[in-house]
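One structure below.
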């Protein structure tokens, strides 16, 4: 199963052309990459990217509500873009069978689309009053979990398009991200209030006390492949890990150069994150840095993904670029059409969250 950075989306008034967090030459001690060859250039800024389960395809949704698809190795578009929303899309998941794209939009509505032919499926899922900021799907594809700016988390029968149980309430303000724990009976959420919260998915009740540590809004959330550990990334520029069973922090906070836009955990315990300044950071399970941070993009990194075999990381930046990285060496991977070469300092680091 592919792992993804769980991203929170930008704050009000932040977006392309707004007050930016572009990486400025000389503004950071981190060395920049050299010119990338063979990268994918996108016509607009992507909000979220995903990989299909066979790793053959990159699926992204952009700032103006279009879904775009590319061949991962060739970098070629696989279809015309499909407009899935008239407003900004803040969240997207692929169903486990890769047949459907589910998106959450600025109007609080969830919509389902056929991934290949781009046709809408079923009726819109209506319940949230404000923007949908995060989405998760169960392994069997039957249930969706959505997090919203209206302060609620909702469960949905995907096929029927109907809500399951009552909304989960507890966060003070926007719920920015959502993930599922090991047995999928635990829903994990992160919010504008700086807390991580656990919920019993079946009962719809909170589990234990809120997990505290961040000094500001949490913008990204990711569960480890085994679902036992989650990582949260905050506007305070830290990534924190939590044991879902005990609710205790795991290791020290991991410090970035700027607010975290995206975060990812691998099966061997590595943490990758993307920052508002376009840097990629990596740490091992003990919290030790793996090399220096890499200037992977010239603007923030809102989304990360890793291939099924965890050999390759894929990033998208608000510089309208998608880039692929060999995870072990930190070298850019080779395109099937021509050799890709991007010089990195000496191993790739990934850290990040989105301030949107």
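Highest mean first, what order results for 65-78, 217-230 on Cβ atoms within 10 Å?
217-230, 65-78
For the stretch 3-326, take the alpha-carbon Rg, divide it by the Kirkwood Rh, and send me Rg/Rh.
0.93
Sort 45-54, 173-182, 280-289 for me by packing, meaning the mean count of neighbouring Cβ atoms within 10 Å per residue, highest on top.
My ranking of the peptides, most packed first, is 173-182, 45-54, 280-289.
Quick check: the distance between the Cα centres of the stretch 111-163 and the stretch 36-84, to the nearest angstrom?
Going from one Cα centre to the other spans 21 Å.
At what distance in angstrom do the alpha carbon centres of the stretch 191-246 and the stretch 271-292 lie from each other?
What the calculation gives is 19 Å, centre to centre.
Apply the a/c threshold of 1.5 to the C-alpha gyration tensor of the stretch 235-274 and tell me whether it is rounded, prolate or oblate.
Verdict is oblate for the stretch 235-274.
Checking the a/c ratio against 1.5 first, then a/b against b/c, what shape does the Cα gyration tensor give for the stretch 37-80?
Oblate, since a/c reaches 1.5 and b/c is not below a/b.
No lab work stands behind these numbers, since they all come straight from the coordinates. Because the structure is predicted, anything quoted here is derived from the model rather than measured. Cβ sites come from the backbone with ideal geometry, for glycine too, and all protein chains shown count toward neighbours.
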